[in-house]
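Notes follow once the structure below has been shown.
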Amino acid sequence: MAAGPAGPSPRGDQARVLAFACTLSMITYLDRACFGMALRPIAGELGLADSSQLKWAVTAFAIAYAAFEIPAGAMGDRLGAKVMLGRIVIWWSACTALTGLVGLRVGGVALGGVGTLILLRFLFGAGEAGAYPNITRALHDRLPARGWETAQGMVFMSGRLAGGLTPLIWAVLVGGTASSPPWISWRGAFLLFGAVGVAWAVAFKLGFPDRPTRPDGPGGESAHGGVPWKALFRSRTLWALCIMYLAANYAWAFNLSYLPSYVEQRFGLGAEDRIGAVLKGAPLWFGAIGCLLGGPAVGLLTRGLGDRRLARRALGVGAMSAGAACWWAASRAEDVRVFCGLVAMSAFTIDLTLGAAWASCQDLGRGRAATTAACMNTVGTLGTALAGWLTGTLVESSIAAKAALDRVAPDALAEADRRLAALSGYESAFATYVGAFILAAACWTLVDPRRPLLPEDDPAPR
């Protein structure tokens, strides 16, 4: 007789669950990273002087992602991860494809401008919201508890690998070489990446296990309908996780938004430069290694400290402190390889803690794991939004200050002067990243997920 929903999950089903979760994570980062690569050509297409003028398009994604994260997570706890994830991917894939049409001239009429792009990025963020909380719920329902940190690490490792590959993929598809033209335009790349998401959604519908195997999964013996808002609000551990994630995302956001433009402006490595593409993707590559090592690191520290909570805390404090040191050194680096290497190491320190952070949400939320993870990711995404807006504002302000000093309009600045002013603005932003790492390290000292949000949730076996 086949096992019921509360029975042990066959290894084949567990492997499929993890495979779908990892490939989904890859597509999320492919679609996010391609926008950072396209900032300069999009700005040129829309007649803007600098890519920092697209700061609201960068920020709109994060605002929508934060606004819709908790509702999408709560719906996943009610309806199940499979239903939500399929809808999420179709939505954001359509938005990705439509981004490739912004500014396109048809019969002398442009299909939208900056406002349209901001709206599409907002809709993209709204569509992608809930992806990781519902992945978390899927892993909670279908995988053994002892493997949560490692599974979460593999999910984020996959995303980072895809994000790290994106600059190289972009260089091959869009950059071209001195002797050969690009394969496709930046518009074609967005259409292609949107199609990849649709293909994944079809495969997911056909191949993902329909029913969870843990007793507190949707449709199981104790599915949960309501959201325990009071318990969520009163949880000191959840607040610590949320603020920590905000600070970490704030410090990390540069890697997926402004890093390509910064490297091109400061070091002259254009979109067609293959070495430049590798360096631009280095934080994602290093981050992938951090994601992979995070779970084993918690296990190793647990054996030494005898307490999984203390192990997560020690890893978080140590990693975030090291990240602050890396960004401090990166802000003073003169060589592109040194700069990108130190930024990549800072990304490694953040990603080393991702498995511990998301597994803490699973421990804390139990049958409400998607909602709990959504709370952390919502506040964390506000850090991404803040970074997108503040970094762009600091760069714009620096350019405006130089223009005022020279008594010219910002658009009339000489290219060399505009470049130096932009780089000065970035340096101001870098100092705030150091502070964000220090705040994240402090928050980890307060994380204690040993007790669930509600007393009736039995502790998960560890």
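The values are calculated or read from the model by the stated rules, or taken from the named source; none is laboratory data. What you see is a predicted model, and the numbers here were worked out from it, not measured in a lab. Counting neighbours? That spans all protein chains shown, and the Cβs are built from the backbone with ideal geometry, glycine included.
Considering region 381-404 alone, what residues qualify as being within 28 Å of the chain's Cα centre (by Cα) and farther than 12 Å from Lys55 by Cβ?
Keep residues of region 381-404 that are within 28 Å of the chain's Cα centre (by Cα), which gives 381-398.
Hits for region 381-404 are Thr381, Leu382, Gly383, Thr384, Ser398.
Looking at Ala359, Ala441, can you tell me which residue is surrounded by 24 or more Cβ atoms within 10 Å (Cβ to Cβ) and in contact (Cβ under 8 Å) with a residue 24 or more places away in the chain?
Working: Ala441 fails: surrounded by 24 or more Cβ atoms within 10 Å (Cβ to Cβ).
Of the residues listed, the single one that is surrounded by 24 or more Cβ atoms within 10 Å (Cβ to Cβ) and in contact (Cβ under 8 Å) with a residue 24 or more places away in the chain is Ala359.
Among the residues of region 396-435, write down those that are at pLDDT 90 or above and closer than 19 Å to Phe61 by Cβ.
Listed by number, the list holds a single entry, Ala429.
Confirm whether Ala131 is at pLDDT 80 or above and among the small types (Gly, Ala, Ser). Working first, answer last.
On the way: at pLDDT 80 or above: yes; among the small types (Gly, Ala, Ser): yes.
In short, yes.
Among the residues of region 425-433, are any among the aliphatic types (A, V, I, L, M), buried (at least 19 other Cβ atoms within 10 Å of the Cβ) and under 19 Å from Leu386 (Cβ atoms)? So that I can check it myself, show each step before the final result.
So the first thing to find is which residues in region 425-433 are among the aliphatic types (A, V, I, L, M), and the list is 429, 431.
Filter once more, keeping what is buried (at least 19 other Cβ atoms within 10 Å of the Cβ): 429.
Remaining after also requiring under 19 Å from Leu386 (Cβ atoms): 429.
Checked against the condition, which is being among the aliphatic types (A, V, I, L, M), buried (at least 19 other Cβ atoms within 10 Å of the Cβ) and under 19 Å from Leu386 (Cβ atoms), region 425-433 yields at least one hit.
Residues checked against (1) assigned to a helix (DSSP H, G or I); (2) closer than 21 Å to Thr378 by Cα:
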| site | (1), (2) |
| --- | --- |
| Val83 | yes, yes |
| Ile88 | yes, yes |
| Thr96 | yes, no |
| Leu101 | no, no |
| Thr116 | yes, no |
| Arg121 | yes, yes |
| Phe124 | yes, yes |
| Gly127 | yes, yes |
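Which numbered condition trips up Ala333, out of (1) touching a Lys or Arg at 6+ places or on another chain (Cβ under 8 Å); (2) closer than 25 Å to Gly392 by Cα; (3) not hydroxyl-bearing (Ser, Thr, Tyr)?
Ala333 satisfies all of (1) touching a Lys or Arg at 6+ places or on another chain (Cβ under 8 Å); (2) closer than 25 Å to Gly392 by Cα; (3) not hydroxyl-bearing (Ser, Thr, Tyr) except (1).
Being under 27 Å from Trp229 (Cα atoms), of a type outside the set (Lys, Arg), surrounded by fewer than 20 Cβ atoms within 10 Å (Cβ to Cβ) and modelled with pLDDT of 85 or more is the filter here; which residues of region 78-103 pass it? Steps first, answer last, please.
Within region 78-103, the first condition is being under 27 Å from Trp229 (Cα atoms), and the residues that meet it are 78-88.
Still in the running and of a type outside the set (Lys, Arg): 79-81, 83-86, 88.
Okay, now just the ones that are also surrounded by fewer than 20 Cβ atoms within 10 Å (Cβ to Cβ), so 79, 83, 86.
Listed by number, the list holds a single entry, Gly86.
Can you name the residue in region 258-278 that is at pLDDT 85 or above and among the aliphatic types (A, V, I, L, M) and, of all such residues, is nearest to Ala333 (Cα to Cα)?
In this case the residue turns out to be Val263.
What tally of residues in region 238-278 results from selecting those that are over 12 Å from the mean Cα position of the chain (by Cα), of a type outside the set (Asp, Glu) and over 30 Å from Asp363 (Cβ atoms)?
Counting residues in region 238-278 that are over 12 Å from the mean Cα position of the chain (by Cα), of a type outside the set (Asp, Glu) and over 30 Å from Asp363 (Cβ atoms) gives 18.
Answer with yes or no whether Ala370 is of a type in the set (A, V, I, L, M) and in contact (Cβ under 8 Å) with a residue 12 or more places away in the chain. It would help to see each step written out before you state the result.
Details: of a type in the set (A, V, I, L, M): yes; in contact (Cβ under 8 Å) with a residue 12 or more places away in the chain: yes.
Yes: the conditions hold for Ala370.
Could you list all residues from region 250-265 that are in contact with a Ser or Thr (Cβ under 6 Å, 6 or more places away or on another chain) and surrounded by 24 or more Cβ atoms within 10 Å (Cβ to Cβ)?
Within region 250-265, the subset in contact with a Ser or Thr (Cβ under 6 Å, 6 or more places away or on another chain) is 253, 258, 261.
Listed by number, the residues that qualify are Ala253, Tyr258.
Among (1) touching a residue at least 12 places away in the same chain (Cβ under 8 Å); (2) part of a helix (DSSP H, G or I), where does Ile275 come up short?
Exception for Ile275: condition (1).
Tell me which residues, restricted to region 330-355, are farther than 22 Å from Gly383 by Cβ and either among the small types (Gly, Ala, Ser) or in contact with a strand residue (DSSP E or B) (Cβ under 8 Å, 6 or more places away or on another chain) (or both).
Matches in region 330-355: Ala333, Gly341.
Scan (1) within 22 Å of Gly383 (Cα to Cα); (2) of a type outside the set (D, E, K, R); (3) more than 24 Å from the chain's Cα centre (by Cα) for the single condition Leu54 breaks and write down its number.
(3)
I'd like the residue in region 37-77 that is small (Gly, Ala, Ser) and touching a Ser or Thr at 6+ places or on another chain (Cβ under 6 Å) and, out of all such residues, is surrounded by the most Cβ atoms within 10 Å (Cβ to Cβ). Before the answer, list the steps.
Going residue by residue through region 37-77, those that are small (Gly, Ala, Ser) are 38, 43-44, 47, 49, 51-52, 57, 60, 62, 64, 66-67, 72-74, 76.
Retained after the next criterion (residues that are touching a Ser or Thr at 6+ places or on another chain (Cβ under 6 Å)): 43, 51, 62, 66, 73-74.
Details: Ala43: 19, Ser51: 27, Ala62: 25, Ala66: 22, Gly73: 33, Ala74: 21.
Out of the qualifying residues, it is Gly73.
Which count do you get for residues in region 330-343 that are assigned to a helix (DSSP H, G or I) and surrounded by fewer than 24 Cβ atoms within 10 Å (Cβ to Cβ)? Break it down stepwise before answering.
Going residue by residue through region 330-343, those that are assigned to a helix (DSSP H, G or I) are 330, 336-343.
From what's left, surrounded by fewer than 24 Cβ atoms within 10 Å (Cβ to Cβ): 330, 336-339, 341-342.
Total meeting the criteria: 7.
On the basis of being over 30 Å from Ala57 (Cβ atoms) and at pLDDT 80 or above, does Ala162 make the cut? Reasoning before the result, please.
Working: over 30 Å from Ala57 (Cβ atoms): no; at pLDDT 80 or above: yes.
No: the conditions fail for Ala162.
Quick one: count up the residues across region 195-215 that are at pLDDT below 90 and closer than 21 Å to Arg121 by Cα.
Of the residues in that region, 0 qualify.
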